[in-house]
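Enquirer: After the structure tokens below, expect a handful of questions from me.
The values are calculated or read from the model by the stated rules, or taken from the named source; none is laboratory data. Source: prediction; values computed, not measured. Note: ideal-geometry Cβ built from the backbone for every residue, glycine included; neighbour counts use all protein chains shown. To get the accessible areas, we keep the full protein, side chains included, count just its heavy atoms, and leave off ligands, DNA and RNA. Shrake-Rupley method; radii C 1.70, N 1.55, O 1.52, S 1.80 Å.
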Amino acid sequence: MSSEPTTLQVRLAEEYVGLGAKKKALTVVKNLLFLGFALSIMLEGNVAVPDEIGSDSSNGESLRKLFEEVDPSRLRQLVLQAVAISPLISLVPLDLARGAPVCPEETLINMRRLGNQKPCGILEIERTVWTAVFGISSGKHSAVAAFLKLHDGWVEENWEAKLSMEDRHFFARDAQVPYSPLESLCDSQISGPVPSDWPCVAGRNFITILNDVPRPTASDNDTPVDSTLGGGPSAGGEMDVIDDDGGEGGASAGTQTPQPNSEQVENNGASRRSGRLEGLGKPNGTPAEDQPDNEQANNGDAPRRSKRLGDQGAPNGVPVGEPSSLKPKRPRKAQKLLRKAREASVHCDDDDDDDDDVVVLAYADICIQSIEERRRLEEEIITKVEEDEERLAPVQKIKPALKIDNALSVYSTQHSTTFTFFDGKKQRHEYTPFIHDRGDYVAWTAIFNAITPQFVEKPESSLLRCMDSSTALQMPVQEFQNTLRRRSIVITNCTTERLQFNLQGLGKLADVDHQMDIQDQTIPVLDGRFQRRVFTGTLRDVYQTSIAPRHKKKSLNALYLPNPHALVEESPYATDVHAIHRIALQDKHCIRKMPTEDVRWCLAATEGAHHYFHMDSRGDGTFIDLVKGRKVWVIVQPKAGKKRTSTKLWTKENLDVTSLDPSEWDIEAVLLTEGTRLVMRPGTIHAVFTTEDAICRGGHFLATSTMSETLYGAIHCFFKGELLTNIDHPTIQSRVNVIVCYFYKALALGAPDLTIPAPGYLPDVSTQDGLEQIMATVCLVELHNVISFSSYQPTNEELVAWRLQEDSISTGDALSLYDISAATYASRMENIYSRGRAIALLKAVLGRVTIQERGGKAVDGWGELFIPMLAQLIVALRGYYETAFERVEGGEDDEDAEGVDEDGEPDAEGLQEQLGSEQDDFFIPSKVLFHRQLQWVSSRWPELQAAVDKKLASEDDDNEFLAWDFPQITVLVSPFTPSRKKSFSPAGLYLQLITPQ
């Protein structure tokens with residue numbers, strides 16, 4: 001930004017020179033001038049007053065003189081004080097721009113102490129001052145004119161009536177709690193007692209409640225007394241920190257001290273440790289008012305004060321009130337415990353379970369000690385996290401540290417089997433495996449032996465299509481999407497980026513010393529528990545093992561390195577990127593940009609690193625670029641195509657992730673070399689073996705032509721995610737919702753700017769495949785809540801939890817009774833709007849097509865295609881739960897869900913069932929809640945409920961499949977008539993959502 005002075009700034013500098021330094025009134029004028037001058041510089045686009053503005057000798061005599069006397073840093077300090085504390089500081093008759101420097105941290109701490117709830121009277125005065133200051137900064141009037149205007153406006157004001165006693169002393173510093181350099185900016189301070197409607201949850205909020213102190217009482221003639229002068233804080237004043245039972249502090253004589261109830265004591269870590277502590281330096285159980293707080297209190301003298309406060313007494317000679325110490329104190333998250341305290345200590349009861357030498361001090365009681373005593377006490381303070389905080393904090397299992405220097409045994413050195421692979425250019429490569437574990441060697445040699453290079457021998461029947469980058473660039477979007485519908489695509493010479501497998505190259509992915517999960521595949525797998533291979537290490541460890549001698553080299557796999565700064569470009573396969581770019585900032589409850597940090601990532605692996613058969617997260621498609629090294633990418637597909645949608649596919653009896661039966665599976669592989677890009681269809685089962693130290697960049701996408709595969713993949717990952725996938729990417733729902741919005745605007749509303757430029761991203765509604773993809777997308781949106789784990793977990797939002805607690809409702813009961821779950825408000829609104837758009841889209845499309853069977857019989861697209869398709873999914877999901885979860889839980893294979901009444905709603909017993917459980921690091925949703933979610937979907941339309949009931953009664957063998965047998969149809973498209981937008985207003989969207997979801 002520009003630091004050149006303007007005519008206005010020169011004029012202000014000349015006014016400064018003309019003021020001189022004679023009278024205090026002129027000092028106030030100067031403060032106003034300095035503040036207006038600084039703001040005039042900032043209003044030109046500077047974040048703050050730049051230092052260089054005072055170093056230019058060509059600025060003019062007046063500006064030169066101003067900056068000779070005033071450093072730019074002092075102007076920045078003045079702005080900070082005016083903004084953080086109050087613009088009223090400019091009215092202090094002290095030269096604020098040339099006085100002693102003020103610690104910015106102390107300014108921020110005082111800002112936090114004052115809070116953001118200033119009295120209305122104070123706010124009105126501040127607005128008047130700011131108006132005058134901004135008038136100076138904009139050249140409307142001079143600083144002298146601003147001062148006179150303030151004076152004339154205030155001189156006749158009845159301040160006794162305008163400002164209350166509390167308003168007048170709002171900025172008074174509490175003498176009990178002086179500034180401390182140990183005070184944290186993370187703490188919040190409020191005056192006690194805490195209002196009952198404040199969301200202060202014990203053990204969770206960094207809140208400190210300043211205990212009350214004796215206040216002067218009114219005289220006989222009811223003269224109002226300034227309560228602030230008694231030393232206690234007023235609202236917005238300085239306060240101390242405590243996060244206990246929420247009761248009042250040390251009571252003065254004649255004031256009854258409320259006792260914490262049993263529930264509050266139970267929820268308070270300090271109470272459990274220290275017993276019912278009644279005060280500092282007082283025997284347990286003795287009333288606070290009957291005991292002195294310190295030695296001087298025995299003689300009726302005022303408490304000893306720190307030299308930091310000076311020798312002067314409290315304002316107007318009113319003695320400082322007694323420090324409050326009724327409640328145990330803990331600033332921040334931890335409780336401050338003292339092992340010894342000579343003059344201020346209290347021991348727990350002898351029969352207390354905790355150590356007798358543990359004492360508890362209120363922070364205020366420390367602050368009133370002499371500075372030497374405070375230092376001594378603070379040295380003895382130890383911080384101890386309370387038990388309730390440990391209980392409420394999420395449990396994180398710490399993984400062991402990776403070791404790269406331990407002795408190794410490479411099993412493959414005892415064998416010399418060599419295998420042949422083909423790259424995307426169909427060139428032959430020989431490779432002898434480098435594998436440490438015998439079990440891995442047996443498994444991978446079996447996989448390598450089962451591979452058939454179909455894309456070389458029979459390209460028309462292959463699972464892969466290989467092409468060079470020039471062919472891919474010339475291919476229309478529609479053709480690329482149609483190809484992806486049936487095959488994954490390998491593009492050679494696609495990327496130009498090259499990295500070396502060294503610290504510099506790995507440093508392009510992440511900080512080489514950043515701790516992350518790394519798989520050490522020299523560790524044997526026992527009982528199928530691959531998690532025992534996961535350790536905590538760094539990319540530096542990966543590099544060190546890559547340069548180690550071969551007999552000491554480890555096979556390490558860093559599977560997930562987020563790449564949030566990746567360039568997100570449109571491509572012929574990524575419909576989600578295209579949709580976000582086309583509708584961004586236009587439509588409600590749609591994400592505004594691609595969640596790059598979730599869907600763009602990097603990989604790093606040394607030779608021998610591998611991953612057995614799996615599919616990528618939640619039905620996402622995947623693209624991956626090799627920028628260094630080589631990988632063998634194995635792709636499989638069941639010979640019986642429908643088997644891929646079976647709810648029994650991923651059971652241990654039918655699928656071992658380390659081996660497949662070649663008689664039931666088509667198995668192909670391609671060797672990915674540097675510069676090659678693989679675009680893999682959603683739901684593709686694949687395995688990967690690193691034949692040379694490799695670095696990859698990649699990401700996920702959603703394609704129009706494969707939305708049905710995304711639907712099936714998302715369902716598989718919900719039930720068998722602990723087995724199927726390595727990294728979860730939960731943003732897929734938001735990206736699906738964006739695609740639905742794009743389809744809705746283009747196909748239902750007929751927005752011309754969305755249909756003309758790139759028609760290949762829209763489903764072709766004149767074909768059976770196009771209708772199938774639209775219906776699969778709508779079904780996925782309808783099932784969003786069913787296959788989201790957040791639907792089965794209690795809310796983790798503290799404000800919501802507090803509000804429920806106010807009504808005596810636990811978060812578990814709120815989930816069971818009212819569907820208040822961990823799903824965020826934003827995601828719920830996205831899903832609500834997306835369901836409305838999806839159904840409006842489907843009805844608009846079905847309204848403009850005529851569907852016929854091959855024999856010419858008319859087909860009702862809604863009742864004969866969409867409803868049976870969704871009903872098939874609902875019934876299959878019920879069976880999938882029984883297969884995937886009940887065996888894990890040890891439950892019985894009951895035909896009907898326990899805890900559900902005849903209407904499918906949870907009964908009284910069902911509402912008390914467990915909300916879910918953890919099994920082997922995998923969350924198992926409650927059966928009652930799962931069936932409730934399914935019931936909400938099936939009850940959306942009477943015809944859907946009837947279709948579901950009919951299929952459940954039939955017990956058809958096809959009920960185990962997610963895919964419905966879509967009949968062969970022909971589609972005739974009528975001329976397009978856009979729907980009127982008002983028919984799909986937000987109110988209309990809500991009217992379609994009759995379920996409680």
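Enquirer: So which pairs qualify, if the first residue must be in the range 433-453 and closer than 16 Å to ASP656 by Cβ and of a type outside the set (D, E, K, R), the second must be open to solvent by 20 Å² or more (accessible area, probe 1.4 Å) and outside any helix (DSSP H, G or I), the Cβ gap must be under 7 Å, and the two must be at least 6 apart or on different chains?
Expert: Taking only residues 6 or more apart or on different chains, the pairs are GLY439/PRO524; GLY439/VAL525; ALA443/THR658; ALA443/SER659; THR445/THR417; ALA446/SER659; ALA450/PRO662.
Enquirer: Restricting attention to the range 709-763, and to residues there that are outside any helix (DSSP H, G or I) and within 29 Å of the chain's Cα centre (by Cα), which single residue is modelled with the lowest pLDDT?
Expert: Among them, the one singled out is ASN726.
Enquirer: For LEU526, all conditions in the list (1) loosely packed, with under 13 Cβ neighbours inside 10 Å; (2) within 30 Å of LEU771 (Cβ to Cβ) hold save one; what is the number of the exception?
Expert: The one condition LEU526 does not meet is (2).
Enquirer: Somewhere in the range 455-468, is a residue closer than 24 Å to PRO572 by Cβ, open to solvent by 20 Å² or more (accessible area, probe 1.4 Å) and of a type in the set (S, T, N, Q)?
Expert: Yes, because at least one residue in the range 455-468 is closer than 24 Å to PRO572 by Cβ, open to solvent by 20 Å² or more (accessible area, probe 1.4 Å) and of a type in the set (S, T, N, Q).
Enquirer: Still on this model: Would you confirm whether any residue within the range 437-452 is of a type in the set (Asp, Glu), surrounded by 13 or more Cβ atoms within 10 Å (Cβ to Cβ), part of a loop (DSSP other than H, G, I, E, B) and in contact with a Pro (Cβ under 9 Å, 6 or more places away or on another chain)?
Expert: Just the residues of the range 437-452 that are of a type in the set (Asp, Glu), to begin with: 437, 440.
Checking which are surrounded by 13 or more Cβ atoms within 10 Å (Cβ to Cβ) leaves us with 437, 440.
Narrowing further to those that are part of a loop (DSSP other than H, G, I, E, B): 437.
Then drop every residue that is not in contact with a Pro (Cβ under 9 Å, 6 or more places away or on another chain), which leaves 437.
Looking for residues that are of a type in the set (Asp, Glu), surrounded by 13 or more Cβ atoms within 10 Å (Cβ to Cβ), part of a loop (DSSP other than H, G, I, E, B) and in contact with a Pro (Cβ under 9 Å, 6 or more places away or on another chain), one finds at least one in the range 437-452, hence yes.
Enquirer: Let me ask something additional. Between residues in the range 802-829 that are more than 16 Å from GLN933 (Cα to Cα) and residues that are surrounded by fewer than 18 Cβ atoms within 10 Å (Cβ to Cβ) and of a type outside the set (A, V, I, L, M, F, W, C), which pairs lie under 6 Å by C-beta distance while being six or more apart or on different chains?
Expert: Matching pairs, first to second residue: TRP802/PRO199.
Enquirer: Hey, another quick one. ALA548: in a loop (DSSP other than H, G, I, E, B), of a type in the set (A, V, I, L, M), assigned by the TED database to the domain that holds GLN474 and closer than 24 Å to PRO433 by Cβ, yes or no?
Expert: On the way: in a loop (DSSP other than H, G, I, E, B): yes; of a type in the set (A, V, I, L, M): yes; assigned by the TED database to the domain that holds GLN474: yes; closer than 24 Å to PRO433 by Cβ: yes.
Yes; evaluated as a whole, the condition is true for this residue.
Enquirer: Looking only at the range 643-698, filter to residues that are among the hydroxyl-bearing types (Ser, Thr, Tyr) and at pLDDT 95 or above; which one of those is surrounded by the fewest Cβ atoms within 10 Å (Cβ to Cβ)?
Expert: Here is the first cut: in the range 643-698, the residues among the hydroxyl-bearing types (Ser, Thr, Tyr) are 645-647, 651, 658-659, 663, 673, 676, 684, 690-691.
Checking the rest, the ones that are also at pLDDT 95 or above come to 673, 676, 690-691.
Working: THR673: 18, THR676: 26, THR690: 26, THR691: 23.
Out of the qualifying residues, it is THR673.
Enquirer: Quick one: which residue in ALA584, ALA640 is under 27 Å from VAL670 (Cβ atoms), at pLDDT below 90 and either open to solvent by 10 Å² or more (accessible area, probe 1.4 Å) or out of contact with any strand residue (DSSP E or B) (no Cβ under 6 Å at 6 or more places or on another chain) (or both)? Quick ask: steps written out before the conclusion?
Expert: Values: ALA584 fails: under 27 Å from VAL670 (Cβ atoms).
Checking each option against the conditions leaves just ALA640.
Enquirer: If I ask for residues that are part of a loop (DSSP other than H, G, I, E, B), free of Cβ contacts under 8 Å to residues at least 60 places away in the same chain and under 25 Å from HIS551 (Cβ atoms), which ones from the range 498-535 would you list?
Expert: ASN502, VAL512, LEU526
Enquirer: While we're here: So LEU846 clears everything in (1) surrounded by 19 or more Cβ atoms within 10 Å (Cβ to Cβ); (2) free of Cβ contacts under 8 Å to residues at least 40 places away in the same chain; (3) under 32 Å from the mean Cα position of the chain (by Cα) except one condition, right? Which one?
Expert: Among (1) surrounded by 19 or more Cβ atoms within 10 Å (Cβ to Cβ); (2) free of Cβ contacts under 8 Å to residues at least 40 places away in the same chain; (3) under 32 Å from the mean Cα position of the chain (by Cα), LEU846 violates only (3).
Enquirer: Being modelled with pLDDT of 90 or more and surrounded by 13 or more Cβ atoms within 10 Å (Cβ to Cβ): is that true of GLN933 here? Break it down stepwise before answering.
Expert: Numbers: modelled with pLDDT of 90 or more: yes; surrounded by 13 or more Cβ atoms within 10 Å (Cβ to Cβ): yes.
Criteria met by GLN933.
Enquirer: Residue under question is LYS552, and the condition is that it be under 30 Å from PRO400 (Cβ atoms), open to solvent by 20 Å² or more (accessible area, probe 1.4 Å) and modelled with pLDDT of 95 or more; does it hold? First the steps, then the outcome.
Expert: Numbers: under 30 Å from PRO400 (Cβ atoms): yes; open to solvent by 20 Å² or more (accessible area, probe 1.4 Å): yes; modelled with pLDDT of 95 or more: no.
So LYS552 fails the test.
Enquirer: Can I ask one more? Looking at the range 121-135, I want the residues that are over 11 Å from LEU88 (Cβ atoms) and have a partner that is of a type in the set (Phe, Trp, Tyr) and part of a helix (DSSP H, G or I) with Cβ atoms under 9 Å, at least 6 apart or on another chain. Which pairs are those?
Expert: Pairs found: ALA132/PHE147.
Enquirer: Would you point out which residue out of ALA609, ALA605, ALA566, ALA574 is open to solvent by 20 Å² or more (accessible area, probe 1.4 Å) and not charged (D, E, K, R)? Can you show your working first?
Expert: Numbers: ALA609 fails: open to solvent by 20 Å² or more (accessible area, probe 1.4 Å); ALA605 fails: open to solvent by 20 Å² or more (accessible area, probe 1.4 Å); ALA574 fails: open to solvent by 20 Å² or more (accessible area, probe 1.4 Å).
Just one listed residue meets the conditions, ALA566.
Enquirer: To continue, here is another question. If I ask for residues that are hydroxyl-bearing (Ser, Thr, Tyr) and not in a loop (DSSP other than H, G, I, E, B), which ones from the range 567-611 would you list? So that I can check it myself, show each step before the final result.
Expert: Let us first name the residues in the range 567-611 that are hydroxyl-bearing (Ser, Thr, Tyr), namely 571, 573, 575, 596, 606.
If the condition is that a residue be hydroxyl-bearing (Ser, Thr, Tyr) and not in a loop (DSSP other than H, G, I, E, B), then THR575, THR596 are the ones that fit.
Enquirer: Ok, one more. Working only within the range 477-497, note down all residues that are open to solvent by 80 Å² or more (accessible area, probe 1.4 Å) and closer than 22 Å to SER546 by Cβ.
Expert: Answer for the range 477-497, where residues must be open to solvent by 80 Å² or more (accessible area, probe 1.4 Å) and closer than 22 Å to SER546 by Cβ: there is none.
Enquirer: Could I ask something else about it? Looking at the range 764-809, which of the residues that are outside any helix (DSSP H, G or I) and among the aliphatic types (A, V, I, L, M) is surrounded by the most Cβ atoms within 10 Å (Cβ to Cβ)?
Expert: ILE787
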